């Protein structure tokens, strides 16, 4: 899982990397005459990721002809509230007759859902226009003027899935607890049966189920609904005639794990009262 604090910390890296990218582009030298206008291509990985996994997008600006024809100004990559977006690298190269500028962008989502990447506008100009602007302002402009031609990259859709690693771990631990609880309660009942009583002891005299119900109530308050229903299933497993109820509680816990269906407070209170009622009901003779 990726914390929001880590997301906010990584966002601060973007500004410096964009500045470095601009220096690289200028040092490559993109100016002369007779070249075609630049084109923008966007390459993205598969648009489905889990929380914390990296989503890579490459923005590639290319043109043919003289590499000294154009200046590509560094784009602004806005922040996103559902993860971090940073410029991982920028490269400039000439491949045969093609001049290529690449921005490698990494997005790490922090939230679950369907999101869109920001719309990116990449401007370019001639060396004469850029030099004239520097002579006028004394520095390279920090923002791109609206009058400059721009290459527009439409937003990309990204589906962020939950990281079920923690849920699966909780399920394994919960299943282990259910098995050990059932074995412990069963052992207590068998020991009481061997003390000379011909009838089965009333289940209300066994303290362990009540303790489990109280611990289940605490789990409900803490929001651990998977363990809550696994705890109730452990109690129902040793109650006479409650086998179907135990199966229903186990099914509820699996539904929460795999379908993320959250029970309501009223439903959980009803399930607790159902078990408490069984504990107060004497066994038929």
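The values are calculated or read from the model by the stated rules, or taken from the named source; none is laboratory data. This structure is a prediction, so every number in the text was calculated from the model and none was measured. FYI the Cβ positions are ideal-geometry reconstructions off the backbone, even for glycines, and counts take in every protein chain you see.
Given (1) farther than 17 Å from residue 174 by Cα; (2) touching a residue at least 40 places away in the same chain (Cβ under 8 Å), where does residue 242 come up short, assuming only one miss?
(2)
Which of the following residues is surrounded by fewer than 21 Cβ atoms within 10 Å (Cβ to Cβ) and part of a strand (DSSP E or B): 87, 100?
On the way: 87 fails: surrounded by fewer than 21 Cβ atoms within 10 Å (Cβ to Cβ).
From the options 87, 100, the qualifying one is 100.
Is it the case that residue 189 is modelled with pLDDT of 85 or more, assigned to a helix (DSSP H, G or I) and surrounded by 11 or more Cβ atoms within 10 Å (Cβ to Cβ)?
Working: modelled with pLDDT of 85 or more: no; assigned to a helix (DSSP H, G or I): yes; surrounded by 11 or more Cβ atoms within 10 Å (Cβ to Cβ): yes.
So residue 189 does not fit the description; no.
What number goes with the only condition from (1) modelled with pLDDT under 70; (2) assigned by TED's automatic domain parsing to the domain that holds residue 232 that residue 143 does not pass?
The failed condition is (2).
What tally of residues in the range 63-84 results from selecting those that are closer than 26 Å to residue 130 by Cα and in a loop (DSSP other than H, G, I, E, B)?
Start the filter on the range 63-84 by keeping residues that are closer than 26 Å to residue 130 by Cα, which leaves 63-78.
Next, only the ones that are in a loop (DSSP other than H, G, I, E, B) stay: 65-70, 73-78.
Residues in the range 63-84 being closer than 26 Å to residue 130 by Cα and in a loop (DSSP other than H, G, I, E, B): 12 in total.
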